[in-house]
Each structure stands twice: as structure tokens, then as C-alpha cells.
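The values are calculated or read from the model by the stated rules, or taken from the named source; none is laboratory data. Small disclaimer: the values here were computed from a predicted structure and weren't measured. Neighbour counts run over all protein chains shown; Cβ positions are idealised from the backbone, glycine included.
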Amino acid sequence: MPDTNPSNTFGALMIDGARLLRRRFDQRARALGLTRAQWNVLSHLYRNDGINQAGLADLMEVEPITVGRQLDRMEEAGWIARRPDPSDRRVRRIYMTPQAQGVLDQLRELSRDIYAEALQGIAPDVREQLMTSLAQIRNNLSDRTEEAPQKEVSAGN
């Protein structure tokens with residue numbers, strides 16, 4: 001007999017799992033003086049140091065104004081520095097500070113610990129299958145240049 005508990009549906013389990021991962025990360029990252037959102041900025045900067053605000057917002061899939069507010073707080077705290085673009089004085093480039101670079105390894109270790117906790121009791125081959133399945137779900141739901149055709153709904157349904 002199928003499980004009819006609404007909290008055990010695919011969507012509910014995905015949402016709850018993501019929420020609990022975020023909450024656990026926030027609890028542990030607080031001691032380092034960073035929020036999960038700030039860690040997200042730093043992880044993007046690690047791979048794209050010197051990017052401009054619009055480019056960072058695009059990578060993070062948020063509005064530039066949202067990133068701007070976050071960057072203001074991070075600059076005040078000493079996590080990032082904004083510098084003028086040498087070729088366009090209207091643009092400011094964003095760089096991690098040595099303070100931020102020093103804490104990235106700690107954040108990565110914290111993430112590894114949380115993931116290990118989340119995956120505890122799951123066999124390595126099942127973990128691999130889970131990661132493959134989650135990647136497929138992401139690919140299935142990613143933006144596509146061509147939208148899937150809508151099913152027609154007849155008036156009688």
C-alpha cells in the first residue's frame with residue numbers, strides 16, 4: 001500500500017531535506033561569523049574573483065539589488081572588497097579579502113561534516129545513485145530554451 005502521508009511526498013521530502021541542511025549549516029556557520037547566504041557569495045567569488053555585481057547576481061540567480069545589499073554588509077564586515085574596473089569606471093569589481101580566503105577552508109570542512117551527517121547510514125553505492133538521481137532531477141527541471149508543450153485541457157475534464 002502506498003504511503004499517503006503528505007509529508008512523505010517527493011516534493012515535501014526534497015523541501016524538508018533542503019530546509020534541514022540550510023538550518024544545520026546556519027547553526028554551525030554562526031560561530032565563524034558568516035551566514036549561509038554570505039558563504040554562497042564567497043563560494044561564487046572563489047571561482048569568479050573580480051566579477052562585477054551584475055555577473056555575480058546572474059550566477060546566484062538573484063536580482064542585482066539583492067546581491068548589492070549582501071555585498072554592502074560583507075564589505076562592512078571585511079569579507080569582500082570592491083575595486084574600480086580599470087576599463088570601465090562605472091563598474092566595480094568584487095574580490096574576496098584575505099579574511100574571507102582564510103575562512104573558506106573552515107566552511108568547506110563544515111559542509112563536509114554536515115553532508116556526512118545527512119548521509120549517515122546510506123551505503124556508498126546508494127549515495128552515488130542518489131547523487132546521480134538528484135543531478136538528473138536538476139537537469140530535468142533546469143531552464144530550457146524550448147519549453148515543453150502544455151497539455152490541452154478540454155472543457156469536459
| remark: Those residues of region 20-54 which are hydroxyl-bearing (Ser, Thr, Tyr) and within 11 Å of MET74 (Cβ to Cβ) amount to THR35
| task | Kindly establish whether ALA100 is surrounded by 10 or more Cβ atoms within 10 Å (Cβ to Cβ), within 18 Å of the chain's Cα centre (by Cα) and within 16 Å of ALA29 (Cβ to Cβ). | result | yes
| query | Among GLY55, GLY102, which is more than 25 Å from LEU130 (Cβ to Cβ), modelled with pLDDT under 90, assigned to a helix (DSSP H, G or I) and not basic (Lys, Arg)? | reply | GLY102
| remark: With the first residue restricted to region 110-125 and required to be at negative phi and loosely packed, with under 12 Cβ neighbours inside 10 Å, and the second required to be outside any loop (DSSP other than H, G, I, E, B) and of a type in the set (D, E, K, R), Cβ contacts under 8 Å at 6 or more apart or on different chains are GLU117/ARG24
| query | Counting only residues that are in contact (Cβ under 8 Å) with a residue 40 or more places away in the chain and over 13 Å from the mean Cα position of the chain (by Cα), which one in region 38-60 is surrounded by the fewest Cβ atoms within 10 Å (Cβ to Cβ)? | reply | GLY50
| said: Condition check: at pLDDT below 90, hydroxyl-bearing (Ser, Thr, Tyr) and buried (at least 16 other Cβ atoms within 10 Å of the Cβ). Does THR35 satisfy that? | reply: yes
